[in-house]
DNA sequence: TTGACATATTGATGACCATCAATATAATGA
DNA sequence: TCATTATATTGATGGTCATCAATATGTCAA
């Protein structure tokens, strides 16, 4: 069975998680900063719950810095998952999106 | 809000639906043929339910032929949805998978 | 160590949804 | 028309999961 595609789709199949991923795109945020960025949509435990799920799916990366945890979107894995979906469900299409931006963005 | 990406992810976020899409990849099947292909996993009403949902998400195409309905996977739309995901959540990657196989497959 | 802060975990609740049996609708052939 | 076949719809049921308040865990500063 094709389990990675399923886990990926399930992780993406929630509006709050997609919003979280958008907030984490191209920057590192702490949990509290993320809660603030979501402007009262959801409480901190809910955000932590979603972050745990997204981390488990490989869609976010984490860095502990003192008592803070910084999260960011893992574009590489998301791209790989989309590639998998395309390979399986769109064999008549050319696929394999490729990284164009070589430098890694790091926490300052 | 980015609703198409959400509807796509929700449609893909189920094992039975992914199995159905695999069965409908590159061929047209009637509902009953699909039920048979799924080898007793699920009953006909369940298959019809999933097909309705997938059709609503644009992921399958339908043709009525007498009292039969033929379904097939819509690779174009799935590719477009993956492209949307990549555009939003992987801006550092090159995207836009492209059709390589120009002829349309039709029902004989 | 203690107190303050940041995040995770727990347990409860309600909403959504996958599934099924039963039934309805629709189309065909006789 | 009627019987048959193909598919959709309905209504019920159980499971999964998003959310929250409350609490626990962990980390630093003093």
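Summarising the label geometry, the points placed 7 Å from Cα in the beta-carbon direction at residue B:67 and residue B:27 lie 2.4 nm from one another. Dividing the radius of gyration of the alpha carbons in region B:4-90 by their Kirkwood radius gives 0.99 for Rg/Rh. Descending by average beta-carbon neighbour count within 10 Å, the peptides B:29-35, B:80-86 line up as B:80-86, B:29-35, the highest first.
Shielding of A:66-78 by partners, i.e. mean partner chain Cβ atoms within 10 Å per residue?
2
Take each residue in A:83-89, count the other chain C-beta atoms within 10 Å of its C-beta, and the mean is 6. Distance between the C-alpha centres of region A:77-94 and region A:30-51: 30 Å, rounded to the whole angstrom.
As a length-normalised measure over Cα pairs under 8 Å and 6 or more apart, the relative contact order of chain A settles at 26 percent.
With the label put 7 angstrom out from Cα along the Cα-to-Cβ vector, residue B:48 ends up 4.7 nm from the copy partners, going from closest to farthest.
Quick check on chain A: helices-only [θ] at 222 nm, where DSSP H runs of length 4 and up contribute -39,500 (n - 2.57) each and the sum goes over total residues. Nearest 500, please. Write down the numbers at each step before the final one.
Working: 5 runs with 54 residues, N = 108.
Helix contribution divided over all residues of chain A: -15000 deg cm²/dmol.
Counts of other chain beta carbons within 10 angstrom of each beta carbon in peptide B:5-15 average 6.
Every number in this text was worked out from the coordinates using simple rules, so none of it is lab data. Treat the numbers as computed from the prediction; the structure is a model and nothing was measured. Because the Cβ atoms are built from the backbone with ideal geometry, glycine has one as well, and the counts that use them run over all protein chains shown.
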